[in-house]
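The values are calculated or read from the model by the stated rules, or taken from the named source; none is laboratory data. Since we're looking at a predicted model, the values are computed, not measured. Virtual Cβ from ideal backbone geometry, glycine too; neighbours counted across all protein chains shown. Remember, those area values only see protein heavy atoms, side chains included, never the ligands or the DNA or RNA. Shrake-Rupley method; radii C 1.70, N 1.55, O 1.52, S 1.80 Å.
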Amino acid sequence: MEEKIITIALLPYSKAEVLRSMLEAKGIECSLENVNLIQGAVATGVKVQIKAKDAKKAYPILNKLLGSIEKPMQKSENFILIPVDFSNYSLRAASMAFEIATELDSSVVFYHVIPQPDYFTIPYSDVMALDAGLYEHLKEREDYINEEFDKFLRKLSELVGKKVWQSVHMEQIVKMGYPEEDILSYTEIHPPRLIVMGIKGPDEGHGGVMGSTTAGVIYKANVPVLVIPEKAPLLNLAAVKKVVYATNFDEKDFIAIDKLLGLLQPFNTELTCLHIGDQDESEWDRAKLGNMSKVLKKNHKDAALKCVIVPGNDILQDLEKYIEKNDIDVLSLTTHKRNMITRIFNPSIARKMVFHLKTPLLVFHA
């Protein structure tokens with residue numbers, strides 16, 4: 001019986017030839033169709049064809065050629081990453097991170113990025129003048145950062161106490177670069193169990209709610225991010241009793257809730273899956289929430305878990321009311337609901353809102 005032939009790509013002639021060479025180097029028989037040796041290729045491109053049985057071996061090679069290499073999922077390493085800038089809100093976040101590390105039996109890594117000087121990015125001509133004072137300036141900057149780090153760690157050790165301080169393994173990293181990019185690059189190579197960051201609230205007359213570095217890490221990190229606002233009470237984890245997960249009935253919510261319950265397991269915490277929905281769709285929402293509750297309780301029999309629906313049309317105001325009325329300690333979201341996060345941190349809305357400046361936020365990428 002003749003073996004089935006399939007087309008795995010339609011490419012320009014030059015790329016088709018490169019792919020054929022790569023496939024044949026791996027022992028995969030390959031042929032090209034629609035080749036026009038005079039014009040190089042017909043308008044529709046060149047078909048790259050292989051035997052169907054070789055598809056599994058061929059697709060990674062195709063992805064490599066096209067620049068979309070599939071990366072295997074990396075298992076999280078047992079540490080908590082704490083980006084620090086030596087501020088008071090950074091100190092509060094580090095204190096919370098230390099307590100979490102103690103409960104999860106994890107180590108911590110402090111990460112500080114010295115912003116790259118602008119003069120490193122200026123394009124030079126063929127002749128470059130050497131600035132003799134540049135290296136002295138960098139040395140002074142490095143010495144200053146090391147002094148600030150020492151002060152920060154001394155304050156933190158006093159805050160968490162000698163027993164906790166000595167029980168947690170620590171590492172510290174200082175490098176020059178671009179904070180958001182470097183933090184994200186580090187987590188791709190060494191995925192932590194959790195990133196814990198502090199944020200400063202908006203200044204008077206300023207619309208921003210969080211720094212661009214924190215926002216970038218929230219949107220792009222592939223690991224959970226716990227954000228501790230400047231005005232959040234300095235909680236110890238024994239005081240964190242109520243956590244709300246804002247759901248929109250997305251199938252990825254189940255992945256995020258599994259991760260969330262894994263983090264909450266050592267603590268005596270109640271989790272509420274909360275949906276705020278349009279009153280006109282309340283019947284349909286209740287049906288979806290009932291199904292969600294059934295699945296979660298089946299998968300997490302021992303968890304203190306409930307599902308709640310609140311009719312409403314303004315997610316920000318309704319979340320604020322629910323959090324204040326029910327004494328919620330932590331709000332959790334997923335980054336695939338970009339609209340929700342964008343609306344919460346939108347500068348024009350932020351001036352009217354205060355709840356998210358007081359409530360720690362746990363964000364998942366799902």
Quick one: accessible surface of Met170, probe radius 1.4 Å, all protein chains present, in square angstrom to the nearest 10. 60
What is the sum of charges, Lys and Arg at +1 and Asp and Glu at -1, for the other residues whose Cβ falls under 12 Å from the Cβ of Val18? +1
Over the stretch 239-328, give the accessible area per residue in Å² for a 1.4 Å probe, as an integer. 56
Could you sort Ser157, Ser14 by accessible area so the largest value comes first, with the probe set to 1.4 Å? Ser14, Ser157
When the accessible area of the stretch 245-313 is computed with all protein chains present and a 1.4 Å probe, what percentage of it is carbon and sulfur? 45
Ordering Glu324, Glu171, Glu270 by how much accessible area each has at a 1.4 Å probe, largest first, what is the list? Glu324, Glu171, Glu270
